[in-house]
């Protein structure tokens, strides 16, 4: 009888051990990963980045429980190339999508030959999900389910009306709402709430397995459709800041819904949560000419000045990273791919990426792994940064902070001493111009 009792206890312990593996209670579980990617959110448009007139407690909570970057860049100043860089860990030119993908069904986007972060995570045992905006291709091979995502819900083009889910910005008007490659109809339901519902359902269904979720929120991109709660809250702000602010806080509130779900399920501490805007704020007519803010920085969406590419970015993993810390080192959205792989213990070949792991910068505040980086809009519009020096070719300035002259076709600035980028240093430092042009040409010849 005594031997049977010992045997029974051993079997019970073994069963509990295996149960812990399958129910998520093991201390050695790989972390879940969620990337929250907002759309057209300005460089300083979060409270923790200096915004005084916005209400963003949930975005701030990510910073408070993690590491916030003050010098973080998107690899492009427009939607699709920024997302291509995120998905591949490469500059958009190297990834094969240096410009915006079409919002028309049947058009290609990010080449399916590129290895995406979803494919890599899936290969390593993760369940992969996409919720929200895609804008990386509108064919079966280039939609999310063809690019490594087990589950997908959202719109494939650049934007939609949040209630009808139609694309209205060039004809013909067309419906754009999809779930796993099937067109679905949710007429009149607010897309921000639909995304929150689908994201939380994905998390709930995969709470006992490691998951990767790309949560691509389509605001504060136009149309600026915040909820009445937030329109009322900001009624005393001047237009169009009031409409933009309502959109930002509508997003923040839905991020709070996601954070609450993670906490309820007891998996927040072991979830890597990344937050970033895809690029700078829009000054297009469709956003009434402004609304967002880049603070001291020049430029906006479409511009390679800082206001077009410097973005709010933060990462939180309570179990594995410092909390409530700030890093001034340079980072790029191409870096998230290798950073995530390293944090998750997934082996990879550094030579497959132009991005670099930020793990040592995050954990020990080591210097940025980047000495230089390159931005490419087309053959005549590009930028390169090396150390604190940045050279722009044919820069655009939607913010019109100062007039650009013909001699500014090459524009040199030291980001550390002149972050506002208002004074062209080309004539004062011709040797630096030549050095940076050579760096750009070397990179371009390598990846074109």
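All of the numbers you see were taken from the coordinates with simple rules; none came from a lab. Just so it is clear, the model here is predicted, and its values are computed rather than measured. Because the Cβ atoms are built from the backbone with ideal geometry, glycine has one as well, and the counts that use them run over all protein chains shown.
Placing a pseudo-label 7 Å from each Cα along the Cα-to-Cβ vector at residue 371 and residue 269 gives an inter-label distance of 4.2 nm.
Of the beta bridges in the chain, as assigned by DSSP with both residues counted there, near 50 percent are antiparallel.
Between the beta carbons of residue 441 and residue 348, assuming R0 = 25 Å, the FRET efficiency works out to 0.30 to the nearest 0.05. Full extension of the chain between residue 105 and residue 404 yields a length gain of 103.8 nm, computed as 0.36 nm times the residue separation minus the alpha carbon distance.
Applying 1/(1 + (r/R0)^6) with r as the Cβ-Cβ distance of residue 190 and residue 323 and R0 = 35 angstrom yields a FRET efficiency of 0.60. Value of Rg to Rh for the stretch 28-370, rounded to two decimals, is 0.93; Kirkwood radius and Rg both from alpha-carbon coordinates.
From most to least packed by mean Cβ count within 10 Å, the peptides 130-136, 427-433, 300-306, 200-206 give 130-136, 300-306, 200-206, 427-433. Each residue in 121, 59 was given a count of other beta-carbon atoms within 10 angstrom of its own, and listing them fewest first yields 121, 59. Highest-first packing order for the peptide set 144-152, 394-402 is 144-152, 394-402, based on the mean count of other beta carbon atoms within 10 Å.
For the stretch 373-447, the calculated P(r) over all alpha carbon pairs, in 10 Å bins from 0 to the bin holding the longest distance, is 19, 56, 23, 1 percent.
Roughly how many Å is it from the Cα centre of the stretch 63-102 to that of the stretch 231-259, as a whole number? Taking the Cα centre of each part, the stretch 63-102 and the stretch 231-259 sit 24 Å apart. Kirkwood analysis of the stretch 277-357, using all unique Cα-Cα pairs, places the hydrodynamic radius at 14.9 Å.
Specify the angular offset, from 0 to 90 degrees and rounded to the nearest 10, of the alpha carbon long axis of helix 2-23 from the longest principal axis of the alpha carbons in the chain. It is inclined by approximately 20 degrees. Angle of helix 430-447 to the longest C-alpha principal axis of the chain, folded into 0 to 90 degrees and rounded to 10: 50°. Computed from the C-beta positions of residue 363 and residue 70 and an R0 of 22 Å, the FRET efficiency is 0.80 to the nearest 0.05.
May I ask for the distance between the Cα centers of the stretch 389-409 and the stretch 271-294, given as a whole number of Å? Each part's Cα centre sits 21 Å from the other's. Extension gain, residue 285 to residue 124, is 53.5 nm, computed as 0.36 nm per intervening residue step minus the present C-alpha separation. Dividing the summed -39500 (n - 2.57) terms of all DSSP H runs of n ≥ 4 by the residue count of the chain sets its mean residue ellipticity at 222 nm at -9000 deg cm²/dmol.
Centre-to-centre, using Cα atoms only, the stretch 176-209 and the stretch 40-59 are separated by 26 Å. Peptide packing: for 104-114, 365-375, 270-280, the average count of neighbouring Cβ atoms within 10 Å per residue gives the ranking 270-280, 365-375, 104-114, highest mean first.
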